[in-house]
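The values are calculated or read from the model by the stated rules, or taken from the named source; none is laboratory data. Given the structure is predicted, the values throughout are model-derived calculations rather than measurements. Cβ placement follows ideal geometry from the backbone for every residue including glycine, while neighbour counts extend to all protein chains displayed. Ligands, DNA and RNA are stripped out before the accessible areas are found, and what is left, the full protein with its side chains, is counted by its heavy atoms. Shrake-Rupley method; radii C 1.70, N 1.55, O 1.52, S 1.80 Å.
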Amino acid sequence: MASTQKLDTYHKALTINLDTSSFGSFAEIGAGQEVARWFLLVGGASGTVAKTISAYDKEVSDDLYGAGSRYVSKQRLEAMLDNEWTQLLTQLSKTRGSQTRFFCFVDTVSARNFAGTNDAHGWIGLRFQLQPGGPPNDILLHINMRDPSNALQQQAIGILGVNLIYAAFYESQSQESFLEGLAQDVAGERIEIDYVDLHGPAFESVDRRTLLVELVRNGLAEAVFFPAKGSAVPPTEVLYKKAIVLAPGHFGHTDPARSQVHLELLSSAIQELHGDLGETKSAPVGFFCLSFAPPTPKEPIPEIPDLLGRIDPLLADGGDVLLFRKPELYHMTALVNRHTQAPVRFVGGLSMVIRAFEDIYGNLEGKLLEALSRLFAQNVRIYVHPMAVADLQEWLKNASITGWEWSETDGWISASELRRAPPLGHLYAYLLASNFFVPIRHPTQA
């Protein structure tokens with residue numbers, strides 16, 4: 001029985017070792033055998049550890065888990081879980097099955113290499129029973145490692161693995177308690193968890209989409225991905241080495257006409273970027289982008305049902321969605337550039353550009369200049385579609401923003417017709433003349 005006291009990693013591992021009802025195996029590829037090491041270190045491991053294995057060699061790994069999949073992938077993780085679980089039950093069910101909750105912990109990880117040139121990420125899985133002889137339950141995680149050295153990344157993997165096993169057995173009463181236990185002492189700054197998948201009767205009441213949103217809200221992930229078709233995957237699966245178009249917005253209006261305009265704007269931006277790249281390049285991919293930030297500073301942080309209520313219409317209309325933790329465009333640039341060096345384009349109206357100029361950026365020493373330099377790093381541009389005069393006026397009034405002037409054409413204002421008084425006006429004119437801001441047509445214009 002778990003204590004209500006918050007335990008550190010050492011005492012979590014010891015608690016599991018002293019619980020005679022749980023027994024399992026560990027299979028770890030990459031970043032050492034740091035999870036198993038905790039259970040061997042704290043004492044009493046004979047009550048918990050059936051086996052530890054680390055199949056580092058590719059031929060050995062293929063022989064155990066099958067060839068044909070990437071070594072750091074969900075497919076390899078699932079093959080490891082199936083193999084280790086079958087072996088555990090085959091060897092021990094007759095002698096221990098009536099009184100033992102079996103579990104298998106597996107991971108396949110690419111920790112930081114010596115040159116620091118690889119993508120430090122991994123997949124972690126746990127299959128476990130909540131009672132002897134009970135059905136299995138699965139927890140699958142995708143992680144990004146943020147520590148600067150291989151040794152620190154190994155250490156973080158060890159802590160996370162112990163947290164996962166402990167949370168599964170003792171802290172799964174609610175999504176909140178499970179995530180809090182999983183994240184303790186490691187998630188956020190050291191390890192980012194940007195994907196969770198749960199299977200089994202232990203999780204029948206869990207809403208998987210809500211759990212993904214919780215990862216962002218609790219600071220465990222910088223972004224999560226919601227696909228219009230198919231199952232959710234980590235952001236890296238859809239961003240890796242792709243040319244990207246991002247369409248940030250609040251998307252509070254969910255009527256079909258508005259949704260169609262959103263889709264047409266994103267589609268036109270994808271076509272624009274494809275034209276810039278040339279027909280020989282693969283087609284760019286586009287995403288609608290939302291964040292937890294309220295539309296204005298005076299409004300509260302949105303609740304999860306509100307966010308899902310804005311995401312669902314976009315998905316229903318065929319648009320893929322990235323949900324970001326932070327609203328600033330330069331944060332979106334930073335995340336995307338972790339996974340691709342190809343061109344990145346934002347698409348939005350004049351309100352998006354004005355907001356980028358008017359935000360305070362008090363968290364940055366260089367304020368606006370630093371924000372813009374981060375935003376436009378590594379081949380980033382903004383496709384700016386025009387706004388109707390009445391729409392822009394209403395938006396400026398609601399946002400309490402002044403100082404912008406414009407001329408208009410047939411009731412529309414384009415990026416080239418927008419002006420700001422100096423000195424910000426000089427910066428705006430430079431970005432426009434240098435093609436960082438690229439005016440494009442609006443789908444509803446004649």
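Overview of results
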item: Close pairs (6 angstrom Cβ cut-off, 6 or more residues apart or separate chains): under 15 Å from residue 291 (Cα atoms) in the stretch 318-345, open to solvent by less than 50 Å² (accessible area, probe 1.4 Å) and of a type in the set (Ser, Thr, Tyr) anywhere; result: 324/291; 327/291
item: Residues that are more than 23 Å from residue 95 (Cβ to Cβ) and without any contact (Cβ under 8 Å) to a residue 40 or more places away in the chain, drawn from the stretch 105-140; result: 113, 114, 115, 116, 117, 118, 120
item: Tabulated pairs, the stretch 175-203, first β-branched (Val, Ile, Thr), second open to solvent by 30 Å² or more (accessible area, probe 1.4 Å), C-beta under 7 angstrom, 6+ apart or interchain; result: 191/146
item: Test result for residue 157, touching a residue at least 12 places away in the same chain (Cβ under 8 Å), open to solvent by less than 10 Å² (accessible area, probe 1.4 Å) and closer than 15 Å to residue 195 by Cα; result: no
item: Flag if residue 285 is under 26 Å from residue 343 (Cα atoms) and open to solvent by 20 Å² or more (accessible area, probe 1.4 Å); result: yes
item: Subset of the stretch 64-110 [among the aromatic types (Phe, Trp, Tyr) and either part of a helix (DSSP H, G or I) or open to solvent by 20 Å² or more (accessible area, probe 1.4 Å) (or both)]; result: 65, 71, 85
item: Some residue of the stretch 402-409 being under 16 Å from residue 359 (Cα atoms), in contact with a Lys or Arg (Cβ under 9 Å, 6 or more places away or on another chain), among the β-branched types (Val, Ile, Thr) and part of a loop (DSSP other than H, G, I, E, B); result: no
item: Considering residues of the stretch 360-394 that are buried (at least 17 other Cβ atoms within 10 Å of the Cβ) and charged (D, E, K, R) only, the residue farthest from residue 431 (Cα to Cα); result: 374
item: Pairs, first in contact (Cβ under 8 Å) with a residue 60 or more places away in the chain in the stretch 363-382, second in a helix (DSSP H, G or I) and surrounded by 13 or more Cβ atoms within 10 Å (Cβ to Cβ), C-beta under 9 Å, six or more apart; result: 376/330; 376/333; 376/431
item: Residue satisfying all of: in the stretch 226-246; open to solvent by less than 10 Å² (accessible area, probe 1.4 Å) and in contact with a Phe, Trp or Tyr (Cβ under 8 Å, 6 or more places away or on another chain); farthest from residue 273 (Cα to Cα) among these; result: 234
item: The lone exception for residue 182 - which of (1) open to solvent by less than 40 Å² (accessible area, probe 1.4 Å); (2) at pLDDT below 90; (3) more than 25 Å from residue 310 (Cβ to Cβ) it fails; result: (2)
item: Any hit, the stretch 37-46, residues being under 29 Å from the mean Cα position of the chain (by Cα) and either of a type in the set (Asp, Glu) or open to solvent by 40 Å² or more (accessible area, probe 1.4 Å) (or both); result: yes
item: Selection from the stretch 214-251 of residues that are of a type in the set (Asp, Glu) and either over 16 Å from residue 302 (Cα atoms) or not in a helix (DSSP H, G or I) (or both); result: 222, 237
item: Tally of residues being free of Cβ contacts under 8 Å to residues at least 40 places away in the same chain and either touching a helix residue (DSSP H, G or I) at 6+ places or on another chain (Cβ under 9 Å) or surrounded by 13 or more Cβ atoms within 10 Å (Cβ to Cβ) (or both) across the stretch 395-404; result: 2
